[in-house]
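As structure tokens, the structure follows; a few thoughts come after it.
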Amino acid sequence: MPTQNYDSMAPHARSLLSELLEDSKLYKSGQDYQEMLDFVVRLRNFAPFNAFILHIQKPGLRFAASRRDWLNRFRRTVRPGARPLLILWPFAPLVLVYDVEDTEGDPLPHDVAEAFRAIGAMTDHRIARFLELLGRQGIETQQIEFGDGLAGNIGKLGNTMEVIKRIPKTKEKKDTKEKPHYRIRLNKAHDPNIRFATLIHELAHLYLGHLGEDDYLKIPDRSGLTHDHKELEAESVCYMICRRNGVKPDSDRYLADYVRQEMTVDHFDLYALLKTAGQIETVLELTAHNYF
């Protein structure tokens with residue numbers, strides 16, 4: 001499985017997304033936005049940005065794969081004359097994939113054919129693994145027994161940011177960093193699924209730039225957004241990642257309120273949302289997809 005490389009694709013991907021949104025006039029309402037998020041959830045074998053590109057091309061798509069994957073992984077062949085769909089690939093221009101409806105052969109495996117996986121897939125063991133992976137990125141996570149009304153929070157630690165910025169950006173330095181420069185606190189009393197959703201929400205704030213710029217993690221400064229705007233962005237990322245990994249977060253209710261208000265999404269940076277979702281999945285080793 002190729003490693004995702006958002007930095008190598010960023011200028012091209014953002015330019016493509018801007019053009020697609022402007023030309024298509026899509027996602028102008030809350031309902032359209034919700035449907036797009038649900039589509040990204042459903043196509044978990046693709047990274048969020050590529051799932052979005054596929055949604056623009058074919059909103060009713062249920063499952064897609066490359067010609068090679070259809071043959072080698074699923075023992076299915078692409079029908080002659082089938083119309084391909086386009087996705088992006090790191091260090092390459094475009095890759096062709098095909099809708100399952102344009103293939104024939106063996107039935108799809110059960111876990112692929114099902115649009116949504118079972119609810120509640122998190123365990124204490126998995127949470128512990130996520131915290132270990134975050135520690136390698138300089139993000140310390142503590143599990144504390146808060147009152148039930150507080151799920152968690154994230155913040156910067158002291159003045160270590162200035163130290164971190166001077167460290168050369170190499171894998172060795174990242175792995176041997178003495179102190180993390182962010183700390184996430186999770187409510188230890190909560191169910192693992194709730195802790196996972198909280199963790200994703202707080203990471204979304206960080207990677208979306210809501211806490212400010214971070215040269216080390218290559219995060220831009222987007223701290224000037226309003227509180228409501230930040231929360232909607234973080235909940236959107238939380239919704240995508242949780243649902244793509246078998247957890248049903250409270251984001252459902254939050255986004256439902258947004259949809260009912262019939263707000264427009266003209267001011268949203270969809271590229272930032274999709275990129276952040278992909279980054280977090282990669283950091284936590286949640287990537288089940290094969291494509292950028």
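The values are calculated or read from the model by the stated rules, or taken from the named source; none is laboratory data. Keep in mind that what you see is a predicted model, and the values were worked out from it rather than measured. Neighbour counts run over all protein chains shown; Cβ positions are idealised from the backbone, glycine included.
The selection criterion, being in the same structural domain as residue 151 (by TED's automatic domain parsing), part of a loop (DSSP other than H, G, I, E, B) and either farther than 16 Å from residue 273 by Cα or touching a Ser or Thr at 6+ places or on another chain (Cβ under 8 Å) (or both), holds for residue 216. Of the residues making up segment 55-64, at least one is of a type outside the set (S, T, N, Q), under 25 Å from residue 238 (Cα atoms) and free of Cβ contacts under 8 Å to residues at least 12 places away in the same chain.
On the basis of being in contact (Cβ under 8 Å) with a residue 24 or more places away in the chain and surrounded by fewer than 18 Cβ atoms within 10 Å (Cβ to Cβ), does residue 67 make the cut? Criteria met by residue 67. Among the helices (runs of 4 or more DSSP H) confined to segment 1-105, the ones with at least 3 residues that are farther than 17 Å from residue 275 by Cβ and modelled with pLDDT of 80 or more are located at 30-42, 67-72.
Condition check: within 21 Å of residue 220 (Cα to Cα), in the same structural domain as residue 223 (by TED's automatic domain parsing) and modelled with pLDDT under 80. Does residue 158 satisfy that? Considered against the rule, which asks whether it is within 21 Å of residue 220 (Cα to Cα), in the same structural domain as residue 223 (by TED's automatic domain parsing) and modelled with pLDDT under 80, residue 158 comes out as yes. Taking segment 191-202 as the search range and keeping residues that are at pLDDT 90 or above and more than 17 Å from residue 234 (Cβ to Cβ), which one is surrounded by the fewest Cβ atoms within 10 Å (Cβ to Cβ)? Taking the candidates together, the pick is 192. The set of residues in segment 226-244 being surrounded by fewer than 21 Cβ atoms within 10 Å (Cβ to Cβ) and either of a type in the set (Asp, Glu) or not in a helix (DSSP H, G or I) (or both) consists of 226, 228, 231.
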